[in-house]
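Read-outs throughout are calculated quantities, based only on the coordinates presented, and are distinct from any laboratory measurement. On a predicted model such as this, the values are computed, not experimentally measured, just so you know. Don't worry about glycine lacking a Cβ; one is built from the backbone with ideal geometry, like all the others, and counts go over all protein chains shown.
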């Protein structure tokens, strides 16, 4: 059975935290590919100033172009309405039938999975990799989840990722304040932000 990593997110903008988490998960769990899927309309975020999906996809493609194990999909951007993970996973199961699916997300987001639409179905469809910042102890949460939901025992894994101190929110604020963002994200993404005037006042 092949293994497909799924890296979903707004990616506004994508940065080295996302890329390091994806690469470490690929190596740690022997993933054949990691698929980056920019969110179309995120149902859990109330931001009204999210960059256009085409721009976020362009930044993702620029960021991953030198890694043959990384690929991207516009499936959520092209789909109308809010981007629900369960719908994306059903389509992935159909399009990648020979692959076991591993959903890579931050441990903080992992805490919210039971509020997602049709969470019980999601938890039976895939494995979860929770990427945590160094020093963040996710063990209590994982034990709680496995105690309350024994059916997913062994399907949630944790991964410590040093670069997760970087955040898209911080990068947007830095641009707005005119502060440097070089070395927080790939140079091609930084140039796209500059050329398109993203996040500036």
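Taking 25 °C and 0.890 mPa s as conditions, the chain diffuses translationally at an estimated 141 µm²/s according to Stokes-Einstein applied to its Kirkwood radius (Cα pairs).
Quote the FRET efficiency, to the nearest 0.05, computed for residue 187 versus residue 3 with a Förster distance R0 of 30 Å and r equal to the Cβ-Cβ distance. Plugging the Cβ-Cβ distance into 1/(1 + (r/R0)^6) gives 0.50.
Give me the number: length gained by fully extending residue 67 to residue 146, i.e. 0.36 nm times residue separation minus the C-alpha to C-alpha distance, one decimal in nm. Kindly include the intermediate steps, with their values, before the conclusion.
Details: separation 79, 0.36 × 79 = 28.44 nm, distance 3.44 nm.
Extra length available between residue 67 and residue 146 comes to 25.0 nm.
Can you figure out the FRET efficiency of residue 194 with residue 29, using R₀ = 35 Å and their beta-carbon distance, to the nearest 0.05? That pair, residue 194 with residue 29, gives E of 0.50. If you plug the beta carbon distance of residue 49 and residue 133 into 1/(1 + (r/R0)^6) with R0 = 22 Å, you get a FRET efficiency near 0.30. Length gained on full extension, residue 96 to residue 176, computed as 0.36 nm times the residue gap minus the Cα-Cα distance: 24.8 nm.
Helix 168-177 versus the longest principal axis of the chain: what angle, 0 to 90°, nearest 10, using Cα atoms? Between helix and principal axis, roughly 10 degrees.
Based on other C-beta atoms within 10 Å, arrange 20, 175, 34 from fewest to most.
20, 175, 34
As a test of understanding, state the convex hull volume per residue of the range 33-124 from its alpha carbons, in Å³. If you can, show how the numbers build up before the last one.
On the way: hull volume 10.8 nm³, N = 92.
Per-residue hull volume (Cα only) is 117 Å³.
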